[in-house]
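We did not get these values from a lab; they are worked out from the coordinates using the rules stated. Quick caveat: nothing in here was measured; it's all calculated off a predicted structure. Counting neighbours? That spans all protein chains shown, and the Cβs are built from the backbone with ideal geometry, glycine included.
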Amino acid sequence: MSEALIVIDMQKDFCPGGALAVTDGDAVVGPINAMMADFDAVILTQDWHPADHASFAGNHAGGQPFATVQMPYGPQVLWPAHCVIGTGGADFHPDLDIDRADLVIRKGFRSRIDSYSAFYENDHQTPTGLAGYLRDRGIAKLAFVGLAHDFCVAWSAMDAARLGFEARVIEAACRAIDLDGSLAAARDAMRQAGVALD
Ligand code: VGL
Ligand code: ZN
C-alpha cells in the first residue's frame, strides 16, 4: 500500500527567529529530509495567510496573542501575525529538501477563517482538496511530521483518520507550541481519533 509523508508547515516563521517560533522547530529539518526517501510520495503544507487574516491578534481590537476568541466557526486562538503571503517568514526552512515534494498544499489563505488541518479549514467542512488528491493517487497510508505537533500536525492527522486514511504521527520529527497543556490534550485526542503515535 502506498504511503505518503505529509510535512506540515516547515516554514521560517515557525522556526527559531520566526514570528511564531516553535521551540527547537528547526531541529526536525534534518530528520525529515532523511526520511523522505522511505515514502512513495512527499507532500508539503504551507501556512499562507493574507495580512488581514482573522487569526492574527493585531487584526482584533484589543486582541492579545495566544488568547482564545469565538469565531462564527468556533473557538480560535489569536496568533502573532505569521506566514503572511509573499513574506520571507512564509518560506520553507532553507534546509528543507523541497525539491522532493510532489505537491505543496497551501492553507489559511481566506481572510475570515483559519486552517490548521491539511484537509479542512477550521470549520471542519471546507475542504482543501488534499483528500481527493491522495485518493486519486491510491495513497491510503499517511505519516505526519513537522510543526506544530499540537496544532497543525494534530488536526491534520485526526482529519486523516476520520476520512479513513491509516494515519500515524512520527513524534520525533515534530515540535509543539504547547499552550496550557495543548500537547498532552492533542496526544489524547489523536489516540481517541485512531491516530498512531510512533
Ligand atoms: C500553526 C498556529 C497558527 C501550525 C499554524 O502550523 O501549527 N499554528 N498557524
Ligand atoms: Zn497560521
Magnitude of the Cβ-charge dipole (Lys and Arg +1, Asp and Glu -1) of the chain about the Cα centre, nearest 20 debye, reported as 440 debye
Using alpha carbon positions and the Kirkwood radius, the Rg to Rh ratio of the chain is 0.94
Under 14 Å by backbone N from the virtual spin label 7 Å along Cα-to-Cβ at Asp198, the residues of segment 159-179 are 166-174
Two pseudo-spin positions, 7 Å from Cα along C-beta at Asp52 and at Arg110, lie apart in nanometres by 1.6 nm
The set of residues whose placed amide H lies less than 5 Å from the amide H of Glu171, leaving out same-chain residues fewer than 5 positions away, is Asp198
In the neighbourhood of Asp52 defined by beta carbon distances under 12 Å, the net charge of the other residues (Lys, Arg +1; Asp, Glu -1) is +2
A chain fully extended from Ser2 to Tyr73 at 0.36 nm per residue, minus the present Cα-Cα distance, gains in nm 22.1 nm
Summing -39500 (n - 2.57) over every DSSP H run of at least 4 residues in the chain and dividing by its residue count gives a helix-only mean residue ellipticity at 222 nm, to the nearest 500 deg cm²/dmol, of -4500 deg cm²/dmol
With Cα coordinates, the longest principal axis of the chain makes an angle with the long axis of helix 182-192, in degrees rounded to 10, of 40 degrees
